[in-house]
Amino acid sequence: MPPPLVTNIYTADPSAHVFNNRIYVYPSHDRETKIPFNDRGDQYDMVDYHVLSMDRVGASTTDHGIAMRMEDVKWVKKQLWAPDCARGNDGRFYLYFPARDHEGIFRIGVAVSDKPEGPFTPDREPIPGSFSIDPASFVDEDGSSYLYFGGIWGGQLQCYSSPSGGTFDPSQDGPHEPSGPGVKALCPRVGKLSADMHTFDGPVQEIVILDENGQPLLADDHERRFFEASWMHKKDGVYYFSYSTGDTHFIVYATSTSPTGPFTYQGKILEPVVGWTTHHSIVEHEGKWWLFYHDCELSKGVSHLRSVKVREIKYDEQGKIITETP
Ligand code: FUB
């Protein structure tokens, strides 16, 4: 059983990247609260971010301390959820983070630093046209940058009237999602980032995830449909989009020849961990591929007190990821 990367704080939702040949991990910083548990996720009430880093997997992990505080982001009311970081073509580092605004609606913000470990200075407003949760950045080999995002239930994706957002229906906030025979699943969103990394370069699009027959995944297919925790990595020219299935607790993936899809469902990466949520990232370092993920073993199963871990993943000769069992 891998140990947590750090035990001085609870950490979750790890987004790992290699910058300057060092692994940097951008996690949520879980904390104890007295907020009652519910299916909106109110108990996940985080107020700052820490950045972790290490020379390589197995080496000691550095906790760089607080990289950004909620109180420094004027548009945020509460709940700093799963972040990610990208290096822009200008060499600066852009932290993307979701949080509820003063109307209780999740938006995605961006904050900037000259160093991968921060501290990060937030923009005054969220990214125009952003909504929902769990931003995951991806910089392609040609320098194009993308932000994948979205989450259902507490992540509010089901509240929106159109793929690019549209109107917000607050009555759908919480554990709601489409259902019924033949009804398509809600899908994550992707937006191309502008050259300055602060805005979307055009409207965001829905990512289509198809089954083995080329049909969109259905809403009632809870073992495969998208719930939250988007991640993108590219290996041997193939785009691997991975995500959590939420209430069935799997990390699964789909592949495409394009960063914007359509993607075809391929299988599971990680079986359920201890705890309700599961959230991950995949990164290559020193010739191996690493799965960063979290579980609740250290807190003995308290769902909002999670710890980030890492393990190697392997691919078969066809490029399929071999499923990991915690
Ligand atoms: O950490 C808060 C939320 O829990 C994340 O945004 C989700 O992905 C889930 O891990």
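The values are calculated or read from the model by the stated rules, or taken from the named source; none is laboratory data. Bear in mind the structure is a predicted one, so any value in this text is a computation, not a measurement. Glycine also receives a Cβ, built like all others from the backbone with ideal geometry; neighbour counts cover every protein chain displayed.
Here are some notes:
- Of all residue pairs spaced 6 or more apart or on separate chains, those with beta-carbon atoms under 7 Å, a first member in segment 268-283 that is closer than 16 Å to R225 by Cβ and a second member that is of a type in the set (G, A, S) and more than 11 Å from the ligand (Cβ to nearest atom) are I269/S242.
- Residues in segment 24-50 that are under 15 Å from the mean Cα position of the chain (by Cα) and among the aliphatic types (A, V, I, L, M): V25 only.
- Pairs linking a residue in segment 172-183 that is farther than 18 Å from T248 by Cα to a residue that is assigned to a loop (DSSP other than H, G, I, E, B) and not polar (S, T, N, Q), with Cβ atoms under 7 Å and 6 or more positions apart or on different chains, are D173/R40; V183/A219.
- Whichever residue in segment 110-136 is part of a strand (DSSP E or B) and polar (S, T, N, Q) and, among such residues, is nearest to G154 (Cα to Cα): T121
- For A86, the conditions (1) within 20 Å of Y10 (Cβ to Cβ); (2) more than 16 Å from the ligand (Cβ to nearest atom); (3) touching a residue at least 60 places away in the same chain (Cβ under 8 Å) all hold with the exception of (1).
- Of all the residues in segment 242-296, those that are outside any strand (DSSP E or B) and under 13 Å from the mean Cα position of the chain (by Cα) number 5.
- Residues that are more than 14 Å from the ligand (Cβ to nearest atom) and surrounded by fewer than 23 Cβ atoms within 10 Å (Cβ to Cβ), drawn from segment 264-278: T264, Y265, Q266, G267, K268, E271
- Being within 13 Å of the ligand (Cβ to nearest atom) and in a strand (DSSP E or B) holds for only one residue in T33, T11, and it is T11.
- Given (1) under 27 Å from E324 (Cα atoms); (2) within 14 Å of the ligand (Cβ to nearest atom), index of the condition V47 fails: (1)
Here's the yes/no breakdown for (1) touching a residue at least 24 places away in the same chain (Cβ under 8 Å); (2) crowded, with 19+ Cβ neighbours inside 10 Å; (3) under 21 Å from Y146 (Cα atoms); (4) touching a Gly at 6+ places or on another chain (Cβ under 7 Å):
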| site | (1), (2), (3), (4) |
| --- | --- |
| F93 | yes, yes, yes, no |
| F97 | yes, yes, yes, yes |
| D101 | yes, no, no, no |
| V110 | yes, yes, yes, no |
| K115 | no, no, yes, no |
| P122 | yes, yes, yes, yes |
| P126 | yes, yes, yes, yes |
| F131 | yes, yes, yes, yes |
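- Flag if S179 is surrounded by 20 or more Cβ atoms within 10 Å (Cβ to Cβ), out of contact with any Lys or Arg (no Cβ under 6 Å at 6 or more places or on another chain) and either part of a loop (DSSP other than H, G, I, E, B) or not β-branched (V, I, T) (or both): no
- L147 being under 15 Å from G129 (Cα atoms), surrounded by 14 or more Cβ atoms within 10 Å (Cβ to Cβ) and not β-branched (V, I, T): yes
- Qualifying residue in segment 297-315 (condition: assigned to a loop (DSSP other than H, G, I, E, B) and touching a Pro at 6+ places or on another chain (Cβ under 6 Å)): yes
- Selection count where residues are part of a loop (DSSP other than H, G, I, E, B) and out of contact with any helix residue (DSSP H, G or I) (no Cβ under 7 Å at 6 or more places or on another chain), scope segment 67-109: 16
- When the residues of segment 184-213 are filtered to those that are without any contact (Cβ under 8 Å) to a residue 40 or more places away in the chain and assigned to a loop (DSSP other than H, G, I, E, B), the one that is farthest from F149 (Cα to Cα) is N213.
- Among residues that are modelled with pLDDT of 95 or more, out of contact with any Lys or Arg (no Cβ under 9 Å at 6 or more places or on another chain) and not hydroxyl-bearing (S, T, Y), D134 is included.
- Residues satisfying the stated conditions in segment 142-161, i.e. more than 24 Å from G214 (Cβ to Cβ) and in a strand (DSSP E or B): S145, L147, F149, Y160, S161
- Matching residues in segment 2-48 - criterion: being of a type in the set (K, R) and over 19 Å from P83 (Cβ atoms): K34, R40
- Subset of segment 291-315 that is β-branched (V, I, T) and closer than 19 Å to T62 by Cβ - its residue that is surrounded by the most Cβ atoms within 10 Å (Cβ to Cβ): V308
- Subset of segment 209-221 [surrounded by 17 or more Cβ atoms within 10 Å (Cβ to Cβ) and either farther than 16 Å from G261 by Cα or among the β-branched types (V, I, T) (or both)]: I209, L218, A219
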